[in-house]
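Encoded as structure tokens, the structure appears first; notes follow it.
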Amino acid sequence: MKSENLFVHHSFESAMTECVNDFQEVVEQHFSTVVELLRCRSSKQKSKEAFTFLLDGEREFVTITYEQLDRCSRAIASQLQALNLTGERALLLYPAGVDYLGAFFGCLYAGVIAIPAYPPRNERNTPRILAILKDAQAAVILTSSSTLPQLQSLLAEKFAFENIHWLTTDNLTAGIEQAWQQPSINPDTIALLQYTSGSTGTPKGVMLTHKNLLHNAEVTRQYMEHSCSSKFVSWLPVYHDMGLIGGVLQPLYVGFPCIMMPPAAFLQRPYRWLQAISHYRGTTSGAPNFAYELCIEKITPQQRSTLDLSSWSVAFNGAEPIRLETLKRFAATFAECGFRPEAFYPCYGMAEATLMISGGIKAALPTTKKITKNSTRKQSCDRNECF
């Protein structure tokens, strides 16, 4: 029996190659490492809000400026340098929140290779962390003081921790950032190990340099047409490439704010995601295809009546198959809220390529392909007929 599926085609424009070739000239005039980038933001935009974290997805919990993020990063880096860990690898195990940001940039400020991960909540979640620990040969585990006891309880009996430091970063000595020393790093220095999901085997670490991160950030900026007036809204986990490189490094690179919430806040109540976009006038936000499906299914007509999504100009969709039916239903469901189909931005990325590999033109409707199973016939779908 034949079956038909409509998927959104990840269009790979030839112009992307051109903007990649122009990257070095554009970026190296300003900074060559992520540390230089954040130091520049801290110097020139010190009081500007960089990240706002919503504790439950609705109520503002904490906002951090570029200057505050720089100071926090220098404090953590100073402690790492005092422990003589420069050049070593650090596993980051934090619950969702701004503590993750300081720890990540603190590693880079110290010349320590960061390994973003998520703290296991029970025995079932420990194998991936143990596999990463073994593969990366981490010298230090960074976490918060409230998370430390549970981590040690879950991991201590399964891994030999005699040669690993445990460092909590939310209780460092005041003023320790004064001791920070500029690390000896360059564009080719490894910034982080980005581990694959492990869904098809043992997680594998991808070595990403500062140049890899800045390169991908410039590609994303050009293709999503970001500017200092953009605003990112994200519930994506920051230990995943889409959440970290897309939701943290891209706003930092261009210099616009990011509104964040825990992934669980969205999953428990999808309305919170669109409510944050509406309230903060978000211009860029996105998720895998399932998130758009959840919004269609769970957000009520009464809730839709409170939303204004007219500011949303880049609604990216990636990390899993993108289904045309989802895009059509979402656009129809939220048209009354001011959402425009042209905002959809199908894209494709991989940890092995830092993040973004391909994407289309921001203002265009998604390009689609109609594929019939057990047949070699393929038929292009006219963009105007798709929505």
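Taken together, the values in this text are just the output of simple stated rules run on the coordinates, not laboratory data. Values in this document were obtained by computation on a predicted structure and should not be read as measured data. When we count neighbours, we look across all protein chains shown, and the Cβ atoms used for this are built from the backbone with ideal geometry, even at glycine.
Which pairs, out of K298/K328; K48/K298; K44/K211, put more than 25 Å between their alpha-carbon atoms? Correct reply: K48/K298. With a ≥ b ≥ c taken as the square roots of the eigenvalues of the C-alpha gyration tensor of the chain, please select rounded if a/c is under 1.5 and otherwise prolate if a/b is larger than b/c or oblate if it is not? Prolate is the answer for the chain, as a/c is 1.5 or above and a/b outweighs b/c. Expressed as a whole number of Å, what is the distance separating the alpha-carbon centroids of the range 39-67 and the range 141-203? Computed from Cα coordinates, the inter-centre distance equals 23 Å. Here the dipole of the range 154-243 is about 220 debye; that uses its Cα centre as origin and unit charges on the Cβ of Lys and Arg (positive) and Asp and Glu (negative). Residues in the range 344-360 carry Karplus couplings, in order, of 4, 9, x, 8, 9, x, 8, 4, 5, 10, 6, 6, 6, 10, 8, x, x Hz; the curve used is 6.51 cos²θ - 1.76 cosθ + 1.60 with θ = phi - 60°, and Gly or Pro positions show x. Given their separation in residues at 0.36 nm each and the Cα-Cα distance between them, C40 and A156 gain 37.7 nm when the chain is fully extended.
Based on C-alpha pairs under 8 angstrom that are at least 6 apart in sequence, the chain has a relative contact order of 20 percent.
Comparing A174, A332, A343 in a Gaussian network model of the chain (Cα springs below 10 Å), the most mobile by mean-square fluctuation is A174. Between F266, F330, F159, the GNM of the chain built on Cα springs shorter than 10 angstrom shows F159 fluctuating the most. Looking at the range 4-373 alone, DSSP beta bridges between its own residues are antiparallel in about 40 percent of cases. Counting only alpha carbon atoms, the long axis of helix 271-280 and the longest principal axis of the chain meet at about 80°.
Of the residues G243, I296, A114, the one whose Cα sits farthest towards the positive end of the charge dipole of the range 4-373 is I296 (charges of +1 on Lys and Arg Cβ, -1 on Asp and Glu Cβ, taken about the Cα centre). When the Gaussian network model of the chain links Cα atoms closer than 10 Å, the mean-square fluctuations of T168, T52, T306 top out at T306. The helix-based estimate of mean residue ellipticity at 222 nm for the chain, built from -39,500 (n - 2.57) per DSSP H run of four or more residues and divided by its residue count, is -10000 deg cm²/dmol to the nearest 500.
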